[in-house]
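What follows is a set of notes on a single structure, which appears directly below.
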Amino acid sequence: MASFQLDDQVLIQETLFVRILTLNRPRQLNALSLEMLSRLSQLFLAFEDDANAKLIILKGKGRAFCAGGDVATVHRRFLEGNLKFGEKIGEKLLTLTYLVATCSKPQVSILNGIVMGGGVGISAHGKFRVATENSIFAMPENSLGLFPDVGSSYFLSRLPGFFGEYLGLTGARLDGAEMLACGLATHLVPSAKLSLLEKSLISRTASATSSSFDLAFISAIIDEHSLQQPALNEKSALHKMDVIDKCFSRPTVEDILSALEKEEVTTTDANRAGDEWLASTIRSLKKASPMSLKICLRSIREGRVQAMDECLAREYRISCHVMRGQISKDFREGCRAILWDKDKKPKWKPSSLELITEHMVDHYFSRLDGDEELKLPQRCNLNVFANAKL
């Protein structure tokens, strides 16, 4: 295997037909820096034009695949007076998400460990998403006063029933088996077999003829190393789909919360496990930024009927308005409480759902001025690839 390193934060290995990218900030759980985002975008564009690059493997070094965007640096830049840095990170991250979604080269993402926020964005829109027993998925942005972006309004809205609303609003965590069951992962491979899987992908891609190398060929290789029907934990939220669909299908966050509280009251002592799940779900919603919850629900609902590029354009508008803090400064407060002072006691403003008007939420979805809108690169593959990978 030819191996070389072009950037300390992104390691690159090349074989004749496979390109392996390793996110290399293990101490930061491979959080995506501005430099990483720029480099990954360059590489995906280069691989698109490289006739020898038949397959892309994306993985992370250490105990995380990728914990998300580098929010700590965004907050530090805020404190230093650089109010535009967060918008720049958002632009780079959503553009990279789009490049991943529209890439014609198959991508195998090895989700061994933590995969959250931006880490989901650079993997969920790829064709093959390999979870392991170590995988921990979450979209926890509402607890930071942010909201789930990276095309999450596209992929969350396409999960079974209203499971996407549940994940997006609560920030609930999933393990590898749950990711496979709901469609966020395409395969579940024991971590002990990942090295063998990678070697198989490299060797058999090299020996495949052009007529035999297709998505089914790659999937069959991963299948050989996969657990076919892993059992779900008895406490999995996927066992609560009837309650999730009943409650999270409601039109407003207030209605969702009210429906959950009614379910909690009517839950009998005989189903104590269900009662604990309900209580935890309600606590998660009440702990999050009320403004973030309102934004998140509307974003996912709009994403149900929008294409990938439309979702990213809308999410960028929302992100910019969140960063600018004209209506609410919850993102800065969330960063202070969770990442900076670490008192874990954010003081959200507005402090309750009832204090938020539709006009206030509309502001976050309004178009940006002039040329500030997200400018995605021209891609001819959108309809063929981006809207079909899930």
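The values are calculated or read from the model by the stated rules, or taken from the named source; none is laboratory data. No experiment lies behind these values; they were computed from the predicted model shown. Using ideal geometry, Cβ is built from the backbone for each residue, glycine included, and neighbour counts are taken over all protein chains shown. Areas reflect the complete protein model, heavy atoms only, side chains present, ligands, DNA and RNA absent. Shrake-Rupley method; radii C 1.70, N 1.55, O 1.52, S 1.80 Å.
Brief remarks follow.
- Sparse-neighbourhood loop sites, GluC sites (Glu not before Pro) in the stretch 233-329 - DSSP loop, at most 11 other Cβ within 10 angstrom: 234
- Within the accessible area of the chain, the carbon and sulfur atoms contribute 52%, probe 1.4 Å, all protein chains present.
- Cross-link partners of residue 92 among lysines (Cα-Cα below 20 Å; sequence separation of 8 or more within a chain): 59, 84, 375
- Share antiparallel - DSSP beta bridges, the chain, percent rounded to 5: 30
- The chain: most fluctuating residue of 15, 209, 267 per GNM, C-alpha cutoff 10 Å: 209
- Expressed per residue, the C-alpha convex hull volume of the stretch 1-96 stands at 93 Å³.
- The stretch 1-83, accessible area per residue, ligands and nucleic acids excluded (1.4 Å, Å²): 45
- Rg to Rh quotient for the chain, alpha carbon positions, Kirkwood Rh: 0.96
- The stretch 189-239: trypsin sites (Lys or Arg not before Pro) in DSSP coil with no more than 14 other Cβ atoms inside 10 Å: 235
- Antiparallel bridge percentage (DSSP; both residues within the stretch 13-160; nearest 5): 10
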